[in-house]
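*Asks:* What follows is a single structure, and I will ask about it in a moment.
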Amino acid sequence: MTRLSEPFWRVKSLEEMSPAEWESLCDGCGRCCLNKLEDWDTGEIAWTNVACTLLDHGTCRCRSYENRAEIVPDCVQLTPEEVRKITWLPRSCAYRLVAEGRDLFWWHPLISGRAESVHEAGISVRGRVVSEDDVPVERYEEHLAEWPEKI
């Protein structure tokens, strides 16, 4: 196979990708939209099953993607630089995989050709989360979850 026939994520760096290619890397799992708790002393991240107010629990996509930063000021906008320094991106995240020089998993829509494959593989947050609108921050510790970091 020549370089030209290789998929873009295998031959381009994150910086070289077009906006459409960049956006297509998101598999729609919704894991990055889960609230996380950080231990201030150790930096250790604990995942919760509490999802951002904007996450559509059925599609696992943002309900207001274009306006998310205005609505949720602490929403992290992924850039190539951010992907390389954020320690909490899920191990299954395509942005993280490409930054680390690894390939996408079989269930990623760019591989499978189907958006539903991420849900069928049990990778997405569909059916596993509650909205932050329903859980006070002081109760997040009651919603700790280990599955978001598993593949």
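The values are calculated or read from the model by the stated rules, or taken from the named source; none is laboratory data. What you see is a predicted model; the values in this text were computed from it and never measured. Cβ sites come from the backbone with ideal geometry, for glycine too, and all protein chains shown count toward neighbours.
*Asks:* What is the one condition in (1) of a type outside the set (Ser, Thr, Tyr); (2) in contact with a Lys or Arg (Cβ under 9 Å, 6 or more places away or on another chain); (3) in a loop (DSSP other than H, G, I, E, B); (4) closer than 17 Å to Cys29 by Cα that Arg128 does not satisfy?
*Replies:* Evaluating Arg128 over (1) of a type outside the set (Ser, Thr, Tyr); (2) in contact with a Lys or Arg (Cβ under 9 Å, 6 or more places away or on another chain); (3) in a loop (DSSP other than H, G, I, E, B); (4) closer than 17 Å to Cys29 by Cα leaves (2) as the failure.
*Asks:* Right, another one. Take the residues in the range 99-151 that are closer than 21 Å to Cys62 by Cα and polar (S, T, N, Q); name whichever of them is surrounded by the most Cβ atoms within 10 Å (Cβ to Cβ).
*Replies:* Residue satisfying both the conditions and the ranking: Ser124.
*Asks:* For the range 108-141, enumerate the residues that are of a type in the set (Ser, Thr, Tyr), within 19 Å of Asn35 (Cα to Cα) and in contact with a helix residue (DSSP H, G or I) (Cβ under 7 Å, 6 or more places away or on another chain).
*Replies:* First, pick out the residues of the range 108-141 that are of a type in the set (Ser, Thr, Tyr): 112, 117, 124, 131, 140.
In the following step, the residues that additionally are within 19 Å of Asn35 (Cα to Cα) were identified as 124, 131, 140.
Listed by number, the list holds a single entry, Ser124.
*Asks:* How many of the residues in the range 37-61 are crowded, with 16+ Cβ neighbours inside 10 Å, assigned to a strand (DSSP E or B) and out of contact with any Leu (no Cβ under 8 Å at 6 or more places or on another chain)?
*Replies:* Final tally of qualifying residues: 1.
*Asks:* Also, quick follow-up: Mind checking which pairs have a first residue in the range 36-53 that is within 21 Å of Val129 (Cα to Cα) and a second that is polar (S, T, N, Q) and part of a strand (DSSP E or B), Cβ under 7 Å, 6 or more apart or different chains?
*Replies:* Listed by first residue and then by second, the contacts come to Lys36/Thr48; Leu37/Thr48; Thr48/Asn35; Val50/Asn35; Ala51/Ser131; Thr53/Ser131.
*Asks:* Moving to a separate point now. Evaluate the following for Ala20: is it part of a helix (DSSP H, G or I) and at pLDDT 95 or above?
*Replies:* On the way: part of a helix (DSSP H, G or I): yes; at pLDDT 95 or above: yes.
When the stated conditions are applied, Ala20 passes them.
*Asks:* Tell me which residues, restricted to the range 105-125, are more than 21 Å from Glu6 (Cα to Cα), assigned to a helix (DSSP H, G or I) and touching a residue at least 12 places away in the same chain (Cβ under 8 Å).
*Replies:* Val118, His119, Glu120
*Asks:* If the requirement is being in contact with a strand residue (DSSP E or B) (Cβ under 7 Å, 6 or more places away or on another chain), assigned to a helix (DSSP H, G or I) and surrounded by 12 or more Cβ atoms within 10 Å (Cβ to Cβ), which of these qualifies: Arg84, Arg96, Arg68?
*Replies:* Working: Arg84 fails: in contact with a strand residue (DSSP E or B) (Cβ under 7 Å, 6 or more places away or on another chain); Arg96 fails: in contact with a strand residue (DSSP E or B) (Cβ under 7 Å, 6 or more places away or on another chain).
Being in contact with a strand residue (DSSP E or B) (Cβ under 7 Å, 6 or more places away or on another chain), assigned to a helix (DSSP H, G or I) and surrounded by 12 or more Cβ atoms within 10 Å (Cβ to Cβ) holds for just one of Arg84, Arg96, Arg68, which is Arg68.
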